[in-house]
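Here is the structure we will look at, set down as structure tokens.
The values are calculated or read from the model by the stated rules, or taken from the named source; none is laboratory data. Nothing here was measured: the structure is a model prediction, and the numbers come from that model. Backbone-built Cβ (ideal geometry, glycine too); neighbour counts: all protein chains shown.
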Amino acid sequence: MGKEKTPRSYKDNQAIAKALNVRVPPRKARLVMDAIRGKYVSDALAILKFVPNFAARAIEKVIESAAANAENSRPLDERTGRPMAPLIRENLKVVRCFVDEGPRMKRIRPRAQGRVFRILKRMCHITVVVEDVAPKPRPTRRATSGRRAQPEAGARQARAAVAGAAAAVAAEQTKAETAEETTLTEAQAQAAAADLTAKLEQEEAVEAAETAEPETTEETAASDDQPAAEK
């Protein structure tokens, strides 16, 4: 019988990364590790960026490796035999991180009278476990109070006054444009009425002239016949 498979030391929604035999004393590495424990990966990397320590550079590489493993190097699913779905980098959080003591390199330092002092060059093993958790909550802006609130309140009132003045000016412009349009419409109506009146008067004059022409012709004929009868 073969040896049983060793179970994983992390969950399905977790990823792990290790760095062995790092040339950093464990005590110095733990001081940096305590600053990022429980942080999101993005926040942890931002913190380590401004830590002037060689241990911070080593821990930063381990966190980057753990995040890459969460995205690319997923374990196989026991039911399907296929790799699991990749985890989202923005939702990764450092849930476990610890530093173990590694081997020591022993050196000596010559001293007086033929004696030597021992020098221990300590190394460590860095382990980081990231987990896919709920998305990082966005910071909400709280309402300020006190002295800081007064300038903001004054600025809001000034903006409101400017907006009110702009709205009043826009309303006056709209009213003026409407009045101009109404005036133009009335003038157009009066001009149309005057044209129609002139046309009606012209037609009446033409009809009156046509009616008066036959009467004038009959009177002229009668006056011509009367002198002939007298002769």
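Taking the criterion of being touching a strand residue (DSSP E or B) at 6+ places or on another chain (Cβ under 7 Å) and modelled with pLDDT under 90, would at least one residue in the stretch 19-36 satisfy it?
no
I'm told Thr144 meets every condition in (1) in contact with a helix residue (DSSP H, G or I) (Cβ under 8 Å, 6 or more places away or on another chain); (2) modelled with pLDDT of 70 or more except one. Can you identify the failing condition by its number?
So Thr144 meets the others, but not (2).
Give the residues of the stretch 1-15 that are in contact (Cβ under 8 Å) with a residue 12 or more places away in the chain and either over 30 Å from Arg104 (Cβ atoms) or buried (at least 18 other Cβ atoms within 10 Å of the Cβ) (or both), sorted by residue number.
Arg8, Lys11, Asp12, Asn13, Gln14, Ala15, listed by residue number.
Name the residue, out of Pro110, Pro135, Pro52, that is modelled with pLDDT of 95 or more and either under 31 Å from the mean Cα position of the chain (by Cα) or in the same structural domain as Val32 (by TED's automatic domain parsing) (or both).
Step by step, each of Pro110, Pro135, Pro52 is checked, and only Pro110 is modelled with pLDDT of 95 or more and either under 31 Å from the mean Cα position of the chain (by Cα) or in the same structural domain as Val32 (by TED's automatic domain parsing) (or both).
Working carefully through the options Val99, Val94, find the one that is assigned by TED's automatic domain parsing to the domain that holds Ile126, closer than 17 Å to His125 by Cβ, under 37 Å from the mean Cα position of the chain (by Cα) and not in a helix (DSSP H, G or I).
That would be Val94, the only listed residue that is assigned by TED's automatic domain parsing to the domain that holds Ile126, closer than 17 Å to His125 by Cβ, under 37 Å from the mean Cα position of the chain (by Cα) and not in a helix (DSSP H, G or I).
Go through the stretch 1-44 residue by residue and tally those that are of a type in the set (A, V, I, L, M, F, W, C) and part of a helix (DSSP H, G or I).
Residues meeting the conditions: 8.
Can you tell me which residue in the stretch 62-87 is farthest from the chain's Cα centre (by Cα), limited to those that are in a helix (DSSP H, G or I) and buried (at least 16 other Cβ atoms within 10 Å of the Cβ)?
Val62
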